[in-house]
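Worksheet: one structure, shown below.
The values are calculated or read from the model by the stated rules, or taken from the named source; none is laboratory data. As the structure is a prediction and not an experimental result, all values here were calculated from the model. Cβ atoms come from the backbone with ideal geometry, glycine included; neighbour counts cover every protein chain shown. Accessible surface is based on the protein model in full, side chains and every heavy atom, while ligands, DNA and RNA are left aside. Shrake-Rupley method; radii C 1.70, N 1.55, O 1.52, S 1.80 Å.
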Amino acid sequence: MKSGFVTVIGRPNVGKSSLVNAFFGRKVLIVSDKPQTTRNRIRCIYTDDDCQIIFTDTPGIHKPIHRLGEFMVKAAIQAMKGCDLILFVVDASKGYGEAEAKMCDLVRASKTRTFLVINKIDLVNDHVKIIETTKNKCDIFTKTFTTSVVENRGIFELFEAIKSFMPEGPMYFPKDMITDRPISFQIAEIVREKILLLTREEVPHCVAVIVDQILEREKNLVYVSATIYVERYSQKGIIIGKDGSMIKQIGTLARIEIESIVGKRVYLDLHVKVKKNWRDKDFIILNEIGMKDEME
Ligand SMILES: Nc1nc2c(ncn2[C@@H]2O[C@H](COP(=O)(O)OP(=O)(O)OP(=O)(O)O)[C@@H](O)[C@H]2O)c(=O)[nH]1
Ligand SMILES: [Mg+2]
């Protein structure tokens with residue numbers, strides 16, 4: 001059997017999580033049009049009859065301005081260690097910039113084989129130039145691929161190339177395991193994704209979601225309670241909305257998706273709390289949202 005570890009890196013918003021979802025042919029990771037959607041390294045395990053590929057999605061590499069950002073970048077760098085292959089994802093409409101230069105240094109130091117993936121080619125007329133610029137500035141790529149997740153272009157070719165690149169190895173995870181993150185994490189991410197979808201400006205970045213309780217109340221009903229943390233009272237007002245309209249919308253969208261992963265009806269109880277500067281100071285929240293490894 002072939003098996004191995006593939007780490008996906010790139011600056012925020014280039015489509016890393018979207019690519020991993022495309023490999024699975026379904027949503028495993030949350031995605032949004034706001035940068036810094038992914039905050040943790042998250043393993044997604046693909047298993048078929050003759051191979052197991054463990055994809056590690058990572059937060060976008062950026063210049064951090066608070067502890068949460070520092071931990072996110074640290075998580076991405078850590079994820080590059082010990083993998084068999086790195087996917088270096090670039091947004092075709094943005095090209096090669098500072099973040100890519102930093103990534104290039106990191107990849108070179110890791111001495112790991114790397115595929116260059118130019119994603120979002122649907123947004124540009126000519127992606128040949130960006131491939132050339134990226135290759136000229138960074139000469140570390142074993143192979144180059146162009147993809148569009150929205151138009152499903154190049155995904156199959158890239159996936160097949162990854163598969164054939166994997167070494168012979170064991171099954172690392174049970175074959176029905178999709179992610180290494182617990183259900184409470186997956187639920188919190190779904191709630192956060194709906195907030196990212198429905199709010200703007202600084203609000204999405206100031207939100208943490210923690211699942212407090214998951215209880216099987218009746219045979220076919222699961223009670224889930226979660227707390228949404230924000231940094232200011234004005235943000236709490238935005239999340240709740242006029243007469244509770246926003247929190248209701250967040251709850252409805254999230255509940256439908258949570259029900260599909262839990263396989264039962266869900267009663268979702270959401271609360272909003274203010275914790276000033278939690279992104280810099282609140283190690284309990286940072287720990288609860290999965291930053292433990294990065295805090296050590
Ligand atoms: N036009 C276009 N949009 C894409 C493509 N792939 C992803 N997107 C969009 O780009 C945005 C960012 O996608 P994500 O998958 O969340 O990006 P990411 O790199 O994981 O972002 P972070 O988690 O913030 O680092 C979303 O709005 C996606 O729908 C693509 O091939 N073409
Ligand atoms: Mg992401």
I9 near ligand 1 (Cβ under 10 Å from one of its atoms), in a strand (DSSP E or B) and closer than 27 Å to I285 by Cα: yes
Examine segment 277-289 for a residue that is basic (K, R), out of contact with any helix residue (DSSP H, G or I) (no Cβ under 7 Å at 6 or more places or on another chain), open to solvent by 30 Å² or more (accessible area, probe 1.4 Å) and part of a helix (DSSP H, G or I), and state whether such a residue exists. yes
Which residue, of A99, A76, is within 16 Å of ligand 2 (Cβ to nearest atom), small (G, A, S) and open to solvent by 10 Å² or more (accessible area, probe 1.4 Å)? A99
Return the residue satisfying two criteria in turn: it lies in segment 6-17 and is polar (S, T, N, Q) and within 24 Å of P204 (Cα to Cα), and of such residues it is nearest to ligand 2 (Cβ to nearest atom). S17
Pairs returned, first residue in segment 9-34 that is assigned by TED's automatic domain parsing to the domain that holds T147, second residue that is part of a helix (DSSP H, G or I) and near ligand 2 (Cβ under 10 Å from one of its atoms), beta-carbon separation under 6 angstrom, 6 or more apart or interchain, are G10/K16; K27/N21; V28/N21; L29/S17; L29/V20; L29/N21; V31/S17; V31/S18
Quick one: in segment 18-65, which of the residues that are among the aliphatic types (A, V, I, L, M), more than 14 Å from ligand 2 (Cβ to nearest atom) and assigned to a strand (DSSP E or B) is surrounded by the most Cβ atoms within 10 Å (Cβ to Cβ)? I53
Search segment 130-156 for residues that are over 16 Å from G15 (Cβ atoms) and open to solvent by 50 Å² or more (accessible area, probe 1.4 Å) and pair each with any residue that is at pLDDT below 95 and within 15 Å of ligand 1 (Cβ to nearest atom) when their beta-carbon atoms are under 8 Å apart and the residues are at least 6 apart or on different chains. T133/G95
(1) modelled with pLDDT under 95; (2) open to solvent by less than 50 Å² (accessible area, probe 1.4 Å) all hold for E193 apart from (1)
When you scan segment 216-236, do you find a residue that is open to solvent by 10 Å² or more (accessible area, probe 1.4 Å), at pLDDT 95 or above and closer than 21 Å to M72 by Cα, even just one? yes
Number of the condition not met by A254 [criteria: (1) open to solvent by less than 20 Å² (accessible area, probe 1.4 Å); (2) without any contact (Cβ under 8 Å) to a residue 60 or more places away in the chain]: (2)
Residue list for segment 57-114, restricted to those being polar (S, T, N, Q) and within 22 Å of N287 (Cβ to Cβ): T58, Q78
